[in-house]
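Q: Dumping the structure here so I can ask a few things about it.
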Amino acid sequence: MASTVHGGAFGRRARHTEGMTAHSIDDETHGNGYAAGPDTDGRTDDGTATQVDVELGDAALDVHVPRGTVVLAATPIGNTADASARLVALLERADIVAAEDTRRLYALANRLGVHVAGRVVANHDHNERGKADGLLDEVAAGATVLVVSDAGMPTINDPGLAIVRRAIERGLPVTCAPGPSAVLDALALSGLPTDRFCYEGFLPRKHAERVQHLRALKGERRTVVFYETLHRIADAMADLEEIFGPDRPMALCRELTKDYEQIRRGTIGEIRRGVEDDPPRGEMVLVVGGAQDGEEDGGETLGVEALAALATRYAQEHDVRIKDAIATVVAEHPGVDGALANKKQVYAAVLAARGGR
């Protein structure tokens with residue numbers, strides 16, 4: 001019989017577990033400045049960990065809430081029912097919750113029926129470096145600092161990396177409460193090889209930078225995963241077809257885990273036409289098959305002298321200014337890594353070939 005999990009379906013009770021230290025992940029201890037008493041909110045006076053019983057149906061799960069630790073917790077990417085028992089316990093028992101967007105955090109907590117007892121602070125792209133050491137000072141004093149993003153795992157195209165790096169540098173414990181991942185969901189549903197893949201995040205916004213980035217990936221033999229937005233998907237698909245060709249297999253995955261989840265599978269050319277005829281909405285993940293034999297060749301990298309000669313010929317044949325010819329030739333002849341030659345250097349080579357004229 002299928003079961004439906006609604007917000008607030010998790011039952012919880014906290015208890016003190018004897019003998020479980022605050023640092024079961026790391027034996028080092030850091031004081032107990034965040035003790036509150038075992039009979040009040042599940043925290044303890046002696047620096048030991050809190051154990052929270054989270055009830056799922058008739059089963060009670062023991063959830064360890066580590067003291068003096070940074071915990072990165074994945075949040076649902078679209079379906080609230082994907083929230084884990086650990087996430088629920090951590091939201092209730094963490095001393096500090098560092099959230100990408102505090103309003104979204106409270107909205108999630110309300111859907112889950114969870115009371116966030118700890119102090120909530122904003123931790124986003126624009127302030128996370130400045131926040132990291134202050135939060136880690138609290139960890140060193142014994143606090144549990146929970147880091148969450150709006151959806152998915154912190155640090156994966158979301159804030160969190162700054163505090164992880166500083167925690168490692170300072171020798172403070174960091175752990176994860178894993179959960180939903182748009183990257184892995186899309187990869188699993190794509191039908192493309194999953195044994196070797198690379199994640200490239202969002203494609204660059206600007207056309208020239210996006211084309212250069214894709215050229216550098218043209219010979220990549222692993223499955224490649226990208227994020228893309230509603231407003232740039234048409235341009236991104238056009239560039240993918242231009243650089244990778246129309247025949248490479250791919251999948252466009254949108255609204256993952258939501259009611260309107262959709263997976264479009266086909267070749268790059270087919271998916272591009274589908275985007276034009278039926279523009280997709282929502283958040284998207286693109287999964288593209290790796291290069292096959294014969295596709296890896298990125299072409300010969302031309303030096304500035306060769307580019308200067310091509311630009312001179314192009315200017316004569318098309319009756320355009322030499323600077324315009326250089327721009328065209330440089331754009332059409334990237335290096336094997338996708339990088340473009342310096343146009344000023346090519347122009348200098350043109351002048352040198354003319355004898356300085």
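The values are calculated or read from the model by the stated rules, or taken from the named source; none is laboratory data. Remember, predicted model here, so these are calculated numbers, not experimental data. Counting neighbours? That spans all protein chains shown, and the Cβs are built from the backbone with ideal geometry, glycine included.
Q: Return the residues of the range 135-161 that are part of a loop (DSSP other than H, G, I, E, B) and farther than 30 Å from Val285 by Cβ; say none if nothing qualifies.
A: Of the range 135-161, the ones part of a loop (DSSP other than H, G, I, E, B) are 141-143, 149-151, 153-160.
Ala141, Gly142, Ala143, listed by residue number.
Q: Let me ask something else about it. Restricting attention to the range 194-212, which residues are farther than 12 Å from Tyr227 by Cα and buried (at least 17 other Cβ atoms within 10 Å of the Cβ)?
A: Within the range 194-212, Phe197, Arg210, Val211, Gln212 qualify.
Q: So, one more: List the number of the failed condition for Val164; all other conditions in (1) under 18 Å from the mean Cα position of the chain (by Cα); (2) part of a loop (DSSP other than H, G, I, E, B); (3) not assigned by the TED database to the domain that holds Arg272 hold.
A: Going through the list (1) under 18 Å from the mean Cα position of the chain (by Cα); (2) part of a loop (DSSP other than H, G, I, E, B); (3) not assigned by the TED database to the domain that holds Arg272, Val164 breaks only (2).
Q: Please tell me if Leu146 is in contact with a helix residue (DSSP H, G or I) (Cβ under 6 Å, 6 or more places away or on another chain) and touching a residue at least 24 places away in the same chain (Cβ under 8 Å).
A: Details: in contact with a helix residue (DSSP H, G or I) (Cβ under 6 Å, 6 or more places away or on another chain): yes; touching a residue at least 24 places away in the same chain (Cβ under 8 Å): yes.
Yes: the conditions hold for Leu146.
Q: Starting from the range 305-316, take each residue that is in the same structural domain as Lys344 (by the TED database) and under 13 Å from Lys343 (Cα atoms) and list its partners that are surrounded by fewer than 18 Cβ atoms within 10 Å (Cβ to Cβ) and at pLDDT below 90, counting only C-beta distances under 6 angstrom and pairs at least six apart or across chains.
A: Short answer, once both residue conditions are applied: Ala308/Ala353.
Q: If you don't mind, another one. Checking the condition touching a Pro at 6+ places or on another chain (Cβ under 7 Å), under 21 Å from Arg248 (Cβ atoms) and either modelled with pLDDT of 95 or more or assigned by the TED database to the domain that holds Glu241 (or both), which residue from His207, His213 passes? Before you say what the answer is, go through the steps one by one.
A: Details: His207 fails: touching a Pro at 6+ places or on another chain (Cβ under 7 Å).
That would be His213, the only listed residue that is touching a Pro at 6+ places or on another chain (Cβ under 7 Å), under 21 Å from Arg248 (Cβ atoms) and either modelled with pLDDT of 95 or more or assigned by the TED database to the domain that holds Glu241 (or both).
Q: Taking the conditions exactly as written (in a loop (DSSP other than H, G, I, E, B) and touching a strand residue (DSSP E or B) at 6+ places or on another chain (Cβ under 9 Å)), does Asp185 satisfy them or not?
A: No; evaluated as a whole, the condition is false for this residue.
Q: Out of Arg196, Arg205, Arg215, which single residue is more than 21 Å from Pro76 (Cβ to Cβ) and in contact with a helix residue (DSSP H, G or I) (Cβ under 6 Å, 6 or more places away or on another chain)?
A: Details: Arg196 fails: in contact with a helix residue (DSSP H, G or I) (Cβ under 6 Å, 6 or more places away or on another chain); Arg205 fails: in contact with a helix residue (DSSP H, G or I) (Cβ under 6 Å, 6 or more places away or on another chain).
Result of the check over Arg196, Arg205, Arg215: Arg215.
Q: Picking from Glu209, Glu283, which residue would you name as being under 18 Å from the mean Cα position of the chain (by Cα) and among the acidic types (Asp, Glu)?
A: Values: Glu209 fails: under 18 Å from the mean Cα position of the chain (by Cα).
One residue alone meets the criteria, Glu283.
Q: What are the residues in the range 157-178 that are touching a residue at least 40 places away in the same chain (Cβ under 8 Å), on the phi < 0 side of the Ramachandran plot and out of contact with any Gly (no Cβ under 7 Å at 6 or more places or on another chain), if any? Step through it out loud before you land on a result.
A: Restricting attention to the range 157-178, the residues satisfying the condition of being touching a residue at least 40 places away in the same chain (Cβ under 8 Å) are 157-160, 163-164, 167, 171-178.
Next cut, on the phi < 0 side of the Ramachandran plot only: 158-159, 163-164, 167, 172-178.
Result: Pro159, Ile163, Val164, Ala167, Leu172, Val174, Thr175, Cys176, Ala177, Pro178.
Q: Report, by residue number, each residue of the range 65-115 that is surrounded by fewer than 16 Cβ atoms within 10 Å (Cβ to Cβ) and without any contact (Cβ under 8 Å) to a residue 40 or more places away in the chain.
A: Answer for the range 65-115, where residues must be surrounded by fewer than 16 Cβ atoms within 10 Å (Cβ to Cβ) and without any contact (Cβ under 8 Å) to a residue 40 or more places away in the chain: Arg103, Tyr106, Ala107, His115.
Q: Out of the residues in the range 118-134 that are within 18 Å of the chain's Cα centre (by Cα) and assigned to a helix (DSSP H, G or I), state the one that is surrounded by the most Cβ atoms within 10 Å (Cβ to Cβ).
A: Checked the range 118-134; the qualifying residue surrounded by the most Cβ atoms within 10 Å (Cβ to Cβ) is Glu128.
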